[in-house]
1. Which option, (i) 1.15; (ii) 1.20; (iii) 1.06, is the value of Rg/Rh (Cα atoms, Kirkwood Rh) that was calculated from these coordinates?
2. Report the net charge of residues surrounding Tyr55, where surrounding means a beta-carbon distance below 12 angstrom and charges are Lys +1, Arg +1, Asp -1, Glu -1.
3. Would you mind working out the accessible area per residue for the range 246-317, using a 1.4 Å probe, and quoting it in Å²?
4. Which FRET efficiency value, to the nearest 0.05, is calculated for Thr232 and Ser148 with the Förster distance at 22 angstrom and r the Cβ-Cβ distance?
5. Quickly work out the Lys334-to-Asn248 label distance, labels modelled 7 Å from Cα along the C-beta direction, and quote it in nm with one decimal.
6. Any idea what the dipole of the range 192-348 comes to, in debye rounded to 20, about its Cα centre with Lys/Arg Cβ at +1 and Asp/Glu Cβ at -1?
7. Give me the net charge of Asn332's neighbourhood, meaning all other residues with Cβ under 11 Å from the Cβ of Asn332; Lys, Arg count +1, Asp, Glu -1.
8. Any idea what the relative contact order of the range 239-392 is, in percent, if you count C-alpha pairs under 8 Å spaced at least 6 apart?
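The values are calculated or read from the model by the stated rules, or taken from the named source; none is laboratory data. Note that this is a predicted model, so its numbers are computed, not measured. Don't worry about glycine lacking a Cβ; one is built from the backbone with ideal geometry, like all the others, and counts go over all protein chains shown. Heavy atoms of the whole protein, side chains included, go into the accessibility calculation; ligands, DNA and RNA do not. Shrake-Rupley method; radii C 1.70, N 1.55, O 1.52, S 1.80 Å.
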Amino acid sequence: MRITFRAALLTAAAVLGLIAATVTPAQAATGFDRCPKGRFCLFDASDGRGSMAVYTQPQATLGSWDNKASSVYNRTGYHYFCMYSLDKYRYADPVHDVVVYGYNRGDYSLNLSQFSDANSHMDKNLSSFRWAPTGRQCEGQPEPVNWSSDYGPFSRPAQPFGDLDRDGNADLLLRTYSGKLWRLPGDRTGRLVGGGWNSMTALTRHGDLNGDGTEDLLARDKAGELWMYPGTGRGGFGARRAVGPGWNSMTSISAVGDLNGDGKGDLLARDTTGKLWMYPGRGNGAFGTRKLVGPGWNSMLGLVGPGDLTGDGRPDFVASDTSGRLWLYPGNGKGALGTRKMIGTGGWNAFPTLIGAGDFTGDGRPDLIATSSGPHSAQIRLYSGRSGGALTDQGSQNRKDEGDSLF
C-alpha cells in the first residue's frame, strides 16, 4: 500500500495539522507533548501514550523499536517525512508493504492506525523512516529535480539561448532550498553550478550579453546590485561583473534577447509603480540608458522573454495577468512591443512563474515552461511554441518542491 503526500495523505495532513494544534495541552508534558522540539518521536501506543523513542537522525533500521510504534510525532521542522513497513526505506511488494509519504509544517503528530487496508497496515509495522527538505529527497532521490521532457536529446548545433553547455539541447537552472544552483540538462540528472545563490533575489537569462557567443546569467542581490555572470559554454559561469546598483526598485527583471535590432541582448524590467522599462544591451555585459515601454504592468503576474514566438525574426514578450489570461506582446524590432494578442484564455494565474529557456521539443520554435504555485509538489508544465505565437500544452513534466526556483 503506497500512500503519497501528493494524494491521500495531503488531505489527511491538512486535517491532522489542525488536530495537532489542539490535541496536546500546552500546560502538561503528556502524550505527544513529551516529544522535544527538533526531534522525531515514536510511541508504542496511540495518541503519544506509552513508551517513547526520540531520534535526531533518519533511521534505516529501528532495532528494538522495529514493528513497535503506534503513533509518531514529526517535530523536526522538516516538512517532508516518509515511513516504511520494511527496513532500509524499502518498498518491494505494493500489496503487503506500506509506505507513507507525508507533507506538513514540520510539527504535527498522527496515529499509524489510519494507514491500513485489507492486506496491510502501518500500526505496529513501522521499520524505517526519514525526513528531508524536499519530497524527492525523502523518497531517496538526489537534491536536484530529476528534470526531463518527452523530447530529445537532439544532435544539432548549439542553440542561441537556453543551451548553457552548447550541446544543442535546452537546459534549465534550479536553485534549491540550500542555495545551490544546479543545471538540469534534461536527462534526470543535475550538474552543480555552485552554492550561495540564496543571496540573490532575482535571476534571469536569455542568450549572450557580452558578445562571446555563450549564454550569460543576470542576478540581483539583496542589496539591489545587479550582476552579470558570463557563461563558460560548458554549463557554468565565470567571475561575475557588476552591472549596477538600485535594482531593488524593480519587481520583475527579464532578459529578453535583442529587442531593438542592434544584435545585442536587452533587458525588460518592471518597477514598483508598474512601469515597464527597456534597458538596451551594449554587448559587453552592461546596459545603456533605459527607455519607457509603458505603464500599467502591475496587473501582470508572470513576465518572460520566450524568444521569437511569432516567427517574424524578432523576440517577443509574454505576460500572464491576475485574471489568469496569457498575453503575447510581439517585439517590433525597435525596442518596443506591438499590440498584444491573447494566447491563453484562463487558468494562468495558477502558474505565476513563466520561464523561457529555448526549444525543448526540437521543432525550431521556442517553448515555454510554467510552474504552478503552492508550498509542495508544484507542477512543471511544458508548452510548445506553435505557428503565429500559439502554445500547445505538453503536460506536466515533473514537480518541484518547497524552496525550489527554476530559471
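1. Correct label is (iii).
2. Result for the local shell: +3.
3. 39
4. Efficiency for this residue pair is about 0.40.
5. Calculated label separation equals 3.8 nm.
6. 300
7. That works out to 0.
8. 16
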